[in-house]
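The structure appears below as structure tokens.
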Amino acid sequence: MTQAPRYLQIKQFLLERIRSGNYPVHHQIPPEEQLAQQFDVSRMTANKAIRDLVHEGYLVRQPGLGTFVTDLKAESSLLEIRNIAEEVRQRGHHYRNDMLRCESIEADDEVALRLGVRLGTRVFHTILIHRENEIPIQLENRYVNPRWVPNYLKTDFSRYTPNEVLVAACPISDLEHVVEAVLVDTQTADWLEIPVSAPCLSMVRRTWSGEHLISYARLIHPGDRYKLRSQARSA
């Protein structure tokens, strides 16, 4: 069996300690010189392993201080709606999604109430898994009023997220967020690739464009992969 390149051995060594919690968030990793000596390689080889992990978001360099473990959780604001694909790419990571449902259905009691339509009204429904570096970070279960976004189901969701489609069709003027901690069912856990016992964050989001209620979505995030942020400034 061919032995992995030495820099990959160092990279795997660091990753194992980060993922196991031996190197928690804000922990300073050993300096390049120490890693080079430990693995009997050049500083350049050790540096490449560290640079890879910095690029992937696991580590951050602080000039004059050293290299530290970062909080790898994706972050989203509660006060605005941002495109999740853009958020991921701004972190220098790869974005992809899996489309699980793309259909027209009759609104049940909950959907009718949340979306402000009559029971049995035809609405658009999509379920997607959003991935960051191939890791699921959000399950999006969304219902859209066809009256305001008639071409929603015709979208190529491998190129555009639901957020992009809605904003392009109906500029968002108001939003509502309700957040709670939840445990998920087996199907959701399978989709998110987490144990059923893993804590998650559930965000119910409704969006308006002017007087029109456009969309109702339930967004599920694995608790160890996502965080929500709110910031307000005093006058």
Picked from region 64-86 (must be modelled with pLDDT of 75 or more and part of a strand (DSSP E or B)), the residue nearest to Leu15 (Cα to Cα) is Val69
Scanning region 37-63 for residues that are on the phi > 0 side of the Ramachandran plot and modelled with pLDDT of 80 or more gives Asp40
Of (1) open to solvent by 30 Å² or more (accessible area, probe 1.4 Å); (2) within 27 Å of Tyr58 (Cα to Cα), Thr161 satisfies every one except (1)
Near pairs, Cβ below 8 angstrom, 6+ apart or cross-chain, from region 184-196 (open to solvent by 80 Å² or more (accessible area, probe 1.4 Å) and in a helix (DSSP H, G or I)) to any residue that is at pLDDT below 95 and not charged (D, E, K, R)
Thr186/Val196
Is there a residue in region 137-153 that is crowded, with 20+ Cβ neighbours inside 10 Å, part of a strand (DSSP E or B) and modelled with pLDDT under 95?
yes
Which count do you get for residues in region 18-34 that are open to solvent by 70 Å² or more (accessible area, probe 1.4 Å) and either out of contact with any strand residue (DSSP E or B) (no Cβ under 8 Å at 6 or more places or on another chain) or aliphatic (A, V, I, L, M) (or both)?
5
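The values are calculated or read from the model by the stated rules, or taken from the named source; none is laboratory data. As the structure is a computational prediction, the values presented were derived from the model and not from experiment. Glycine gets a Cβ as well: all are built from the backbone with ideal geometry, and neighbour counts include every protein chain shown. Ligands, DNA and RNA are excluded from the accessible area calculation, which covers all protein heavy atoms including side chains. Shrake-Rupley method; radii C 1.70, N 1.55, O 1.52, S 1.80 Å.
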